[in-house]
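Since the structure comes first, as structure tokens, the remarks are kept for the end.
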Amino acid sequence: MATGHHNVHPLPQTNQLRAMHTIIRDRRASRADFVFYSRRIIRLLLESALNQLPFDQHEAITPVGETYEGLRLGPQLCAVPVVRAGDSMLDELRQVIPDITVGKLLIQRDKTTKLPHLYYKNFPEDIADRHVLLLEPMLATGGSAKAAIEVLLDSGVQEGNIVFVNFLASPEGIEAVHAAYPLVKIVTSSIEQRLNENAFMIPGIGDFGDRYFGTTDSAVA
């Protein structure tokens with residue numbers, strides 16, 4: 001899963017990760033299995049994403065009275081899920097950082113123009129001073145991702161302070177995002193082979209949001 005971009009960070013393709021992908025990619029997977037194994041992978045993604053952030057030196061005194069020269073997460077942080085599918089990742093992030101500050105974005109493709117359209121945003125007032133975890137499971141063409149990043153930049157967030165966390169990414173989507181925003185870090189669990197003629201990722205996973213939230217019986221996106 002090589003990539004020419006130094007700011008793209010795929011998870012190590014261990015046997016365990018590939019086994020979990022095998023379960024959730026299967027069109028016959030139950031919703032319970034899809035949610036359970038997706039959450040496990042999301043947790044791995046989030047831990048990897050947090051590792052892309054700055055840490056400060058911090059000492060801890062151990063129970064035996066010795067000093068441990070350690071670290072603690074440095075910057076103020078904000079999670080920005082893209083509604084609805086991104087909320088699945090927010091649920092897991094709150095298990096890691098319970099008091100994390102949260103913003104919201106709703107971006108959908110306009111039925112007439114086929115272009116991404118911002119329908120809703122709600123950010124903390126000081127988001128410009130924060131590092132941002134942008135949460136969106138699928139990076140296909142990159143159109144919605146670029147729209148989300150543009151909204152963050154317009155709100156004062158520094159490009160290099162954005163970590164885009166996604167479940168699957170296409171090579172085309174990665175190229176599109178990094179051509180426009182090369183300082184944005186991308187953390188993904190899998191880089192797919194390609195997009196097909198309908199802009200679906202191959203081999204793909206179907207519609208992540210529908211399968212996760214159980215809003216359709218179809219596994220085909």
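The values are calculated or read from the model by the stated rules, or taken from the named source; none is laboratory data. Model, not experiment: these values are computed from the prediction. Methodologically, a virtual Cβ is constructed for each residue, glycine included, from the backbone with ideal geometry; neighbour enumeration extends over all protein chains shown.
Filter the range 155-174 down to residues that are charged (D, E, K, R) and either closer than 16 Å to LEU133 by Cα or in a strand (DSSP E or B) (or both), then give me how many there are.
Residues of the range 155-174 that are charged (D, E, K, R), as a first pass: 159, 172.
Within this subset, residues satisfying the condition of being either closer than 16 Å to LEU133 by Cα or in a strand (DSSP E or B) (or both) are 159.
Total satisfying the criteria: 1.
Against the conditions (1) of a type in the set (A, V, I, L, M, F, W, C); (2) more than 12 Å from the chain's Cα centre (by Cα); (3) within 26 Å of LEU11 (Cβ to Cβ), where does VAL64 fall short? Just the number, please.
For VAL64, the failing item is (3).
Under the condition of being under 18 Å from the mean Cα position of the chain (by Cα) and among the aliphatic types (A, V, I, L, M), which residue from the range 14-44 is farthest from ILE205 (Cα to Cα)?
LEU44
Here is a list: PRO12, PRO63. Which entry is within 19 Å of LYS185 (Cβ to Cβ), at pLDDT 95 or above and not in a helix (DSSP H, G or I)?
Details: PRO63 fails: within 19 Å of LYS185 (Cβ to Cβ).
PRO12 is the lone residue from the list that is within 19 Å of LYS185 (Cβ to Cβ), at pLDDT 95 or above and not in a helix (DSSP H, G or I).
List pairs: first residue in the range 80-99 and buried (at least 21 other Cβ atoms within 10 Å of the Cβ) and modelled with pLDDT of 95 or more, second residue part of a helix (DSSP H, G or I) and of a type in the set (Lys, Arg) anywhere in the structure, Cβ distance under 7 angstrom, at least six positions apart or on different chains.
none
List pairs: first residue in the range 23-34 and more than 11 Å from ARG211 (Cβ to Cβ), second residue of a type outside the set (A, V, I, L, M, F, W, C) anywhere in the structure, Cβ distance under 8 angstrom, at least six positions apart or on different chains.
ILE23/ASP33; ILE23/TYR37
Does VAL151 count as in a loop (DSSP other than H, G, I, E, B), modelled with pLDDT of 95 or more and within 21 Å of VAL177 (Cα to Cα)? Lay out the reasoning, then the answer.
Values: in a loop (DSSP other than H, G, I, E, B): no; modelled with pLDDT of 95 or more: yes; within 21 Å of VAL177 (Cα to Cα): yes.
Judged against the criteria, VAL151 is not a match.
Within the range 178-190, can one find any residue that is on the phi > 0 side of the Ramachandran plot, surrounded by 20 or more Cβ atoms within 10 Å (Cβ to Cβ) and out of contact with any strand residue (DSSP E or B) (no Cβ under 7 Å at 6 or more places or on another chain)? Step through it out loud before you land on a result.
The first filter runs over the range 178-190 and keeps only residues on the phi > 0 side of the Ramachandran plot, leaving none.
So far as the range 178-190 goes, no, none of its residues is on the phi > 0 side of the Ramachandran plot, surrounded by 20 or more Cβ atoms within 10 Å (Cβ to Cβ) and out of contact with any strand residue (DSSP E or B) (no Cβ under 7 Å at 6 or more places or on another chain).
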